[in-house]
Amino acid sequence: MGMKKAIIILAAMAAGVSAFAQGKAFELGKWTQIQSALLQELNRAYVDSLPLERMEVAGIDAMLATLDPYTVYVPEDQNDDFQLMISGTYGGIGSLIYKPDIQGNVIINEPYAGSPAARAGLRCGDEILAVDGVSTHGLTASEASDRMKGKPGTEVVFDVLKLRSRDTVKVTITRERIHLPSIAYAGMLDDGITGYLQLTGFTEGDGRQFRKEFAELKEKGMQRFVLDLRGNGGGVLQEAVKIVSTFVPKGSLVVYSKGNGLVRDERFHTDLEPVDTRMPVIVLVDSGSASASEIVSGALQDMDRATIMGTRTFGKGLVQSIRPLPYNGSLKVTTAKYYTPSGRCVQAIDYSHRNEDGSVGSIPDSLTHEFRTAHGRVVKDGGGITPDVKLDVKEYSRLTYSVVVSGIVEQYALDYVRRHESIPALEDFHYTSKDYEDFIRFASGKEFDFRSSARTYYDQMVSQLEKDGIKDQMTSELDALRKRLEMEKEEFLRLKESEIIPFIEQEIAVRYYFQEAGVQVALRYDDALRQALASPLIESWN
């Protein structure tokens, strides 16, 4: 009788699923027919010719926007950029370029260390006049970049105006498969016992390279390890699992996913032997640490294998899969939510209660649930990974953001390279207050918004008072306040010297010693890292 009842229940469930599926199929067919009929009628009767391609793309984007921010359509012409995001590779010469004027030349900005561009002798400040005989004048930066890229193994010929000699030479470079490394830097810190690795993404092959770098740091005498995931927006889930496998026994559960009932749920365990299960580990995170970064930090926290330090992470607990579409397009679709080993979903409760940078906003305790780590510590869900140790985050002034984001510091670095053939060895290179006077002279002649935050609020207030019709009644008070808030550009730049110098020093170092040098300079000024190294660690996982 019991078996018969069980069969009946299962049959009823199957019938319910079938009816649900049929209902969805009917609705899908209905709206597909309506859309097709609508476009046909517009095409037949509309007074002007229809921009069909633009309409279709806008329609697709609007439709997907009703779901979540990560389900997107990728047309064929964006496939290369999409593959670059997944694999971190492209066919080209391996250099960042800068094109300040559409009618000007392409400027080599940052050739990658060991790249075809670097091996061919291209250096920061060299100017590309033509690519395969086509002048770069009139090309946008994107159009010039597309001409420089190509199938690995093919040749590209540049007409190059050399920075130092001012000679124009032809440079032939064979394109290669360029891999943009997610490991921005790995090395020992000044205390001689701490290994440090900065990971900027999770692309194919990163797990293998991470384990190799960690083993090499152990050989150098590392006694504790810092994994820096600040600003790491995530990437390939499987690479996150491989990175966790470095620290925990083979077969450990790292993350599991749950779909809508029609998509198969999955559990991801480590399948590699660990490199070290006892060394103290610190993981640095912030509001820019998302997705795969949250898988790594959440798993190591749940297993009490690392101390998570920083600020609460972004809160993206959604899994995307890639589905092929007709005409070589792709759909990146959210198929599941993922959960850390303790059962937490790091996805923010909703998309409306987020900070300006998109990260998790304030979450009432009443909406969170408690979970337990391997050693019984309480951790909560609700959005993101809450660190074990909160670190102070350096706040920058509006002026500092302005000179960096507007490209003033980058332009100055290029100008500096033009005037300085070399700089001291990296460990001896420091940009001083005396040097900063040179930057002030340069920046003072550039256009950028140098208002203080207080002055921007003042401008908003005046605009609102004008709308309310009471500005004229407060003229004398407003004039007095404006004069107190006004500051000359040079005066403001001097006031923010200590904030801006590290960015200048970093940009200059990269131009002479490649990308790793930028991270090494940034570490000199990393107050959060110093706080982390001075903080107590949780009990090591055993």
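Between residues in segment 159-185 that are more than 17 Å from Ala144 (Cα to Cα) and at pLDDT below 95 and residues that are open to solvent by less than 30 Å² (accessible area, probe 1.4 Å) and of a type in the set (Phe, Trp, Tyr), which pairs lie under 9 Å by C-beta distance while being six or more apart or on different chains?
If the second residue must be open to solvent by less than 30 Å² (accessible area, probe 1.4 Å) and of a type in the set (Phe, Trp, Tyr), the pairs left are Ser182/Phe202; Ser182/Phe210.
Quick one: what pairs do we get from segment 111-129, first residue on the phi > 0 side of the Ramachandran plot and touching a residue at least 24 places away in the same chain (Cβ under 8 Å), second in a helix (DSSP H, G or I) and not hydroxyl-bearing (Ser, Thr, Tyr), C-beta under 7 Å, 6+ apart or different chains?
Gly125/Leu414; Gly125/Val417; Gly125/Arg418
Can you tell me which residue within segment 164-220, out of those that are farther than 23 Å from Pro111 by Cβ and β-branched (Val, Ile, Thr), is least open to solvent (accessible area, probe 1.4 Å)?
The first filter runs over segment 164-220 and keeps only residues farther than 23 Å from Pro111 by Cβ, leaving 188-197, 202, 204, 207-208, 210-212, 214-220.
From what's left, β-branched (Val, Ile, Thr): 193-194.
Values: Ile193: 60, Thr194: 0 Å².
My answer is Thr194.
Each row is one residue, and each column tells you yes or no for (1) open to solvent by 10 Å² or more (accessible area, probe 1.4 Å); (2) assigned to a loop (DSSP other than H, G, I, E, B); (3) more than 25 Å from Val360 (Cα to Cα); (4) acidic (Asp, Glu).
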{"position": "Arg264", "(1), (2), (3), (4)": "yes, yes, yes, no"}
{"position": "Arg278", "(1), (2), (3), (4)": "yes, yes, yes, no"}
{"position": "Leu284", "(1), (2), (3), (4)": "no, no, no, no"}
{"position": "Ser287", "(1), (2), (3), (4)": "yes, yes, no, no"}
{"position": "Ser293", "(1), (2), (3), (4)": "no, no, no, no"}
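Might you let me know whether segment 154-175 holds any residue that is under 30 Å from Ile243 (Cα atoms) and in contact with a Lys or Arg (Cβ under 8 Å, 6 or more places away or on another chain)?
The initial filter retains those residues of segment 154-175 that are under 30 Å from Ile243 (Cα atoms), namely none.
No, segment 154-175 contains no residue that is under 30 Å from Ile243 (Cα atoms) and in contact with a Lys or Arg (Cβ under 8 Å, 6 or more places away or on another chain).
Just one of Arg323, Arg312 is free of Cβ contacts under 8 Å to residues at least 40 places away in the same chain and either in a helix (DSSP H, G or I) or over 19 Å from Val254 (Cα atoms) (or both); which is it?
Details: Arg312 fails: free of Cβ contacts under 8 Å to residues at least 40 places away in the same chain.
Among Arg323, Arg312, only Arg323 is free of Cβ contacts under 8 Å to residues at least 40 places away in the same chain and either in a helix (DSSP H, G or I) or over 19 Å from Val254 (Cα atoms) (or both).
Give the residues of segment 408-432 that are surrounded by 15 or more Cβ atoms within 10 Å (Cβ to Cβ), not β-branched (Val, Ile, Thr) and not in a helix (DSSP H, G or I), sorted by residue number. Break it down stepwise before answering.
Here is the first cut: in segment 408-432, the ones surrounded by 15 or more Cβ atoms within 10 Å (Cβ to Cβ) are 408-414, 416-417, 423, 429, 431.
Okay, now just the ones that are also not β-branched (Val, Ile, Thr), so 410-414, 416, 429, 431.
Phe429, Tyr431 - these are the residues of segment 408-432 that are surrounded by 15 or more Cβ atoms within 10 Å (Cβ to Cβ), not β-branched (Val, Ile, Thr) and not in a helix (DSSP H, G or I).
Sort out which residues of segment 232-262 are surrounded by fewer than 19 Cβ atoms within 10 Å (Cβ to Cβ), under 19 Å from the mean Cα position of the chain (by Cα) and part of a loop (DSSP other than H, G, I, E, B), and write them in order of number.
Correct list: Gly233 only.
Name the residues in segment 379-396 that are loosely packed, with under 15 Cβ neighbours inside 10 Å and part of a loop (DSSP other than H, G, I, E, B), would you?
Of everything in segment 379-396, those that are loosely packed, with under 15 Cβ neighbours inside 10 Å and part of a loop (DSSP other than H, G, I, E, B) turn out to be Asp392, Val393, Lys394, Glu395, Tyr396.
Quick check on Asp146: is it under 26 Å from the mean Cα position of the chain (by Cα) and surrounded by fewer than 16 Cβ atoms within 10 Å (Cβ to Cβ)? Steps first, answer last, please.
On the way: under 26 Å from the mean Cα position of the chain (by Cα): yes; surrounded by fewer than 16 Cβ atoms within 10 Å (Cβ to Cβ): yes.
When the stated conditions are applied, Asp146 passes them.
Give me the pairs, please: first residue somewhere in segment 509-528 and more than 24 Å from Lys390 (Cα to Cα), second residue anywhere and open to solvent by 40 Å² or more (accessible area, probe 1.4 Å) and among the small types (Gly, Ala, Ser), beta-carbon distance under 6 Å, and either six or more positions apart or on two chains.
As it stands, the answer is Phe514/Ala113, since those pairs meet every condition given.
Got a sec? Which of Val346, Val281 is closer than 25 Å to Val72 by Cβ and of a type in the set (A, V, I, L, M, F, W, C)?
Working: Val281 fails: closer than 25 Å to Val72 by Cβ.
Going through Val346, Val281 in turn, just one is closer than 25 Å to Val72 by Cβ and of a type in the set (A, V, I, L, M, F, W, C): Val346.
State all residues of segment 366-376 that are open to solvent by 70 Å² or more (accessible area, probe 1.4 Å) and either in contact (Cβ under 8 Å) with a residue 60 or more places away in the chain or more than 25 Å from Glu294 (Cβ to Cβ) (or both); if no residue qualifies, say none.
His375
Can you tell me which residue is modelled with the highest pLDDT among those in segment 337-352 that are open to solvent by 10 Å² or more (accessible area, probe 1.4 Å) and not in a loop (DSSP other than H, G, I, E, B)?
Residue satisfying both the conditions and the ranking: Tyr339.
Across segment 295-308, what is the number of residues that are under 20 Å from the mean Cα position of the chain (by Cα) and surrounded by fewer than 24 Cβ atoms within 10 Å (Cβ to Cβ)?
0
The values are calculated or read from the model by the stated rules, or taken from the named source; none is laboratory data. Worth saying up front: this structure is predicted, and the values here are computed from it rather than measured. Cβ sites come from the backbone with ideal geometry, for glycine too, and all protein chains shown count toward neighbours. For the accessible areas, the whole protein counts, side chains as well, though only heavy atoms, and no ligand, DNA or RNA atoms are used. Shrake-Rupley method; radii C 1.70, N 1.55, O 1.52, S 1.80 Å.
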